[in-house]
Amino acid sequence: MLLGVVCGVWLTIAARSGSEVAVSPGFLESGPGLGTPDVTVFMTACAAGLAVATGVVGSAGRLRSRRPRVKPEARLRIGTRGSPLALAQARDVESRAREQLQQGGEIDICVISTEGDRILDRALADVGGKGLFTKELDRALLSGEVDCCVHSMKDVPTTVAPGTEIVAYLPREDTRDVFLSAKYATLADLPDGAVVGTASLRRQAQILAQKNVVVTNFRGNVQTRLRKLAAGTVDCTFLAYAGLKRLGMLAEATQVLEWSDMLPAIAQGAVGIQIRSNDAALRGTLSQLDHEPTRLAVETERAFLRALDGSCRTPIAGQAWIGPDSRLAFRGQVLSADGKQRFERVGDCLPCDGPELGKTLGDDLRREAGEEFFAELQRAASEHAAANAPPARVP
């Protein structure tokens, strides 16, 4: 109150002397010749002074809102693998998420080493499959070490860890595979006996269905595989177009393969964001990043894979897309490891019914192929694992 009176005295003197005082209308208007009695000016000025002192009126005389101070959004911690491709995807999510967070929010990218990144001397199918790329990330998410995880969805098991969910899919990249070779311009040019490097049973089966070649295990991140290829370890290899594009390395591709040459993997080219299911606040923020056409297509493909109990030990391919007629179409197949047998299904439906279509076609294909076919796939995978196991260490 005393501060208000002091400010009032100052404002009164200013008013009577003809000084400009800009206080919001309704509090005080002053200037020479207004004819306002001194006592009225003084009392009004005291009220204005108290308002200025308490911060209700700004220095420019405008009324301030009495909204509570908004604290900056808590730090968002994004979990990711440490490969250049994984980091590129995490930075993409970071950029998109920053637009959704309140001003002042901080975002950290937390690199988490996974077993799949550490074991490079054996095919992925031989050492546990896709879960090797996600279980450490799952643990970090569930323990609260990170708030969300960014995944290449083709590396994510068909059932995510209990207590978590995929809250958003980014717009999908081109899903095709690319052929890379320093010796041959196209896949069609590949001669009999050529050495093909791949760790993917899907790619192995599809190339063996077309060519009489030798397939060898070929793992590592994109840069590692390109170095091996340049060193002449193999005659050719295959990578996902999406990965090369995200890394700015499309010039490395020798040929982009159409689906008729090599049907892509389930969820290839899709990036998903995983959160804890009980984190409603973060769901509200990150769900705004979801690209619905990608979600509908990928969830259709994953339903097909789930029906076949698919993993990295099973050569399964499949793609869903929304066509010009606004219907969702799907094509999926499963092959024997040597490429000699192939079972395929196609179908279409309303986009909202995609997951049900994927499950129905998967169940139908499984019945046609028969359980013995899938049992043989597992036997072949086990033999492959034994043949590629590293020598036992001598104590």
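The single condition among (1) surrounded by fewer than 17 Cβ atoms within 10 Å (Cβ to Cβ); (2) assigned by TED's automatic domain parsing to the domain that holds Val167 that Gly232 does not satisfy is (2). If you go through region 328-340 and pick out every residue that is closer than 25 Å to Lys211 by Cβ, of a type outside the set (Ser, Thr, Tyr) and buried (at least 16 other Cβ atoms within 10 Å of the Cβ), you end up with 7. Only one of the numbered conditions (1) surrounded by fewer than 18 Cβ atoms within 10 Å (Cβ to Cβ); (2) of a type outside the set (Asp, Glu); (3) outside the structural domain of Ala231 (by TED's automatic domain parsing) is violated by Val214, and that is (3). Give me a count of the residues in region 363-383 that are surrounded by 11 or more Cβ atoms within 10 Å (Cβ to Cβ) and either touching a Pro at 6+ places or on another chain (Cβ under 8 Å) or among the aliphatic types (A, V, I, L, M) (or both). Result for region 363-383: 5.
For region 258-302, filtering for residues that are of a type in the set (Ser, Thr, Tyr), closer than 20 Å to Asp353 by Cα and in contact (Cβ under 8 Å) with a residue 60 or more places away in the chain leaves 1.
Number of residues in region 201-223 that are touching a residue at least 24 places away in the same chain (Cβ under 8 Å) and either β-branched (Val, Ile, Thr) or in a helix (DSSP H, G or I) (or both) equals 10. Tell me, which residue of region 152-167 that is assigned to a strand (DSSP E or B) and of a type in the set (A, V, I, L, M) is surrounded by the most Cβ atoms within 10 Å (Cβ to Cβ)? Per the criteria, the residue is Val167. The single residue among Pro264, Pro293 that is within 22 Å of the chain's Cα centre (by Cα) and in a loop (DSSP other than H, G, I, E, B) turns out to be Pro264.
The values are calculated or read from the model by the stated rules, or taken from the named source; none is laboratory data. No experiment lies behind these values; they were computed from the predicted model shown. We place every Cβ from the backbone using ideal geometry, glycine too, and count neighbours over all the protein chains shown.
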